[in-house]
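Peer 1: Here it is: the structure, laid out below.
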Amino acid sequence: MKKSLFIQGGHIIDPSQEIDEIGSLLITKGKISWLGKGEVVPPQTDYDVLNAKGLIVCPGFIDLHCHLRQPGFEEKETIATGTQAAAKGGFTTICCMPNTNPPLDNQFVVDYVKSKAAAEGVVRVLPVGCISKGRKGQELAELGELASAGVIAYSDDGEPITNSRLMRRALDYSRAFSLPIIDHCEDKVLTEGGQMNEGIISIKLGLPGIPAAAEEIMVARDLALAQLTGARLHIAHVTTEGSVDLIRHAKEKGIQVTAEATPHHLTLTETKVIGYDTNAKVNPPLRTERDIQALIRGLRENVIDIIATDHAPHTEVDKLCEFALAAFGINVFETALGSLMSLVHNGQLTLVTLVAKLTGEPAKIIGDKYGKLGTLATGTSADVTLFDPDKEWVVDTTAFASKGKNTPLAGSTLKGKIMATISQGKLVYKDDSL
Ligand SMILES: [Zn+2]
């Protein structure tokens, strides 16, 4: 093993530095130590070489929204398996949601996750703390204590903050710590019993529907409260055309809001539920083609700032049951790039925009609390992802690093594959063919 790693002759895409050309990178002591454009070699010779010819070389992907299930639900996923799955998916920084057992509503649980991640994780794990104690939506968690413990945002994800007064206070207090509030927007009264998107298909299948309005009502409320408080609001997993319109309007008014969309909501419609495939059961539900087009347009116009996975692993038992009883959630890390690349191949997104939504843009939301992320700038942490934009592969869930196999994409052919992932200078995943 040489002192440095030389990534030679790849197509470097780093939106943070507006780089989109052939070049090479040198990694030394966990940092990007040199970046050269064109066909050049670095000013030193003591390195191992990783040939990146024909590959995209970009900052490691950053996921603002995933579920690692530990502590409490280790049968679904652990920090060890979740971070390995993330590495296979090209992610070098992942932010884990606090709906564990116990939830991340105090510094001790946050410390536990951080120390587990340091000992067993292969990529950087940044915790999201709860908004309310026990995620019960009644009393605010100790937001200051959580900020000191190192959380990068607050969320009760899985549960919306139903009480508007509590949401207002959370937004108010969050300003003191300069951290965003991430809301899972759902009017629970309207979605009660709902299994899938409400429309013709839910009627035909005889499944209770989840109307688009259930999301949009909460998006509208949260935007009004963000305006009232001047706080930073981040809307999780946006799925409807109406939500995109509301966020666009709020941004035009100068409200401090950011928003995310997931790979599945950007690429799959409610038709995936036909046949009662429980692996297509997710909350918020898969919507319509019209919603997908609105989300993609939102990405292009920066109404939707980032792509986040909402990676939600479950056991086979959680999904091998009647549709109404199955758990909500899709396993995403290992298929994210392959499914998102379909938007590039069909001309709806540029490769540069896709990379930005997975790197520099989520880094802006996280801020510099853990150093500068989402860039290949020299001197920053060597978090690098290499992928082949054209390589076709078949999704084989038995080969997943994740414990969860719950994806409606099992058996599908995807075009675009992660070839290597480097996290803080360490090669944490390499495709066999490289
Ligand atoms: Zn959620």
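The values are calculated or read from the model by the stated rules, or taken from the named source; none is laboratory data. These numbers were taken from a predicted model, which means no experiment stands behind them. Note that we place each Cβ from the backbone using ideal geometry, even for glycine, and neighbour counts take in every protein chain shown. Areas reflect the complete protein model, heavy atoms only, side chains present, ligands, DNA and RNA absent. Shrake-Rupley method; radii C 1.70, N 1.55, O 1.52, S 1.80 Å.
Peer 1: To test your reading of the geometry: what angle, between 0 and 90 degrees and rounded to tens, separates the Cα axis of helix 241-252 from the longest principal axis of the chain?
Peer 2: Taking the Cα atoms of the chain, the angle to 241-252 is about 70 degrees.
Peer 1: Projected onto the charge dipole of the chain (+1 at Lys/Arg Cβ, -1 at Asp/Glu Cβ, origin at the Cα centre), which of Pro102, Thr278, Val125 gives the Cα projection farthest towards the positive end?
Peer 2: Positive-end residue among those listed: Val125.
Peer 1: Please give the peptides 68-74, 30-36, 152-158, 189-195 ranked by average Cβ packing (other Cβ atoms within 10 Å per residue), highest first, as a rough proxy for protection.
Peer 2: My ranking of the peptides, most packed first, is 152-158, 68-74, 30-36, 189-195.
Peer 1: Could you give the accessible area per residue of the chain, probe 1.4 Å, as a whole number in Å²?
Peer 2: 38
Peer 1: Of the heavy-atom accessible surface of segment 151-300 (probe 1.4 angstrom), what whole percent is carbon and sulfur?
Peer 2: Roughly 52 percent, rounded to a whole number.
Peer 1: In percent, what relative contact order does the chain have, based on Cα pairs under 8 Å that are 6 or more apart in sequence?
Peer 2: In percent, rounded to a whole number, it is 19.
Peer 1: Considering only Cα-Cα distances, which of the following residue pairs are longer than 20 Å: Lys319/Lys405; Lys403/Lys426; Lys88/Lys357; Lys37/Lys88; Lys76/Lys417; Lys114/Lys369?
Peer 2: Lys403/Lys426; Lys37/Lys88; Lys76/Lys417
Peer 1: Ok, one more. Over all directions, what mean area does the Cα convex hull of the chain project, stated in square nanometres?
Peer 2: Quarter of the Cα hull surface area: 19.0 nm².
Peer 1: For Cα pairs less than 8 Å apart in space and 6+ apart in sequence, what is the mean separation divided by the residue count of segment 81-203, i.e. the relative contact order in percent?
Peer 2: 22
Peer 1: Still on this structure: Evaluate the charge dipole of the chain about its Cα centre and quote only its size in Debye, nearest 20, assuming +1 on the Cβ of each Lys and Arg and -1 on the Cβ of each Asp and Glu.
Peer 2: 720
Peer 1: On the accessible surface of segment 354-434, probed at 1.4 Å, how many percent belong to carbon and sulfur atoms?
Peer 2: Carbon and sulfur atoms account for 49 percent of the accessible area of segment 354-434.
Peer 1: What does the highest-first list of 237-249, 77-89, 176-188 look like by mean Cβ count within 10 Å?
Peer 2: 77-89, 237-249, 176-188
Peer 1: Can you check what the net charge comes to around Ala118, using other residues whose Cβ is under 15 Å from the Cβ of Ala118 (Lys, Arg +1; Asp, Glu -1)?
Peer 2: It works out to a net charge of +2.
Peer 1: For Tyr276, Tyr370, give the ranking by accessible area with the largest first, probe 1.4 Å.
Peer 2: Highest to lowest solvent-accessible surface, that is Tyr276, Tyr370.
Peer 1: For the Cα atoms of the chain, what angle does the longest principal axis make with the long axis of helix 289-300, in degrees from 0 to 90, nearest 10?
Peer 2: Around 50 degrees separate the two axes.
Peer 1: Which order do peptides 309-322, 352-365 fall in by mean Cβ count within 10 Å, highest first?
Peer 2: Packing proxy ranking, top to bottom: 352-365, 309-322.
Peer 1: Tell me the angle of helix 107-120 to the major Cα principal axis of the chain, expressed in degrees between 0 and 90 and rounded to the nearest ten.
Peer 2: 40
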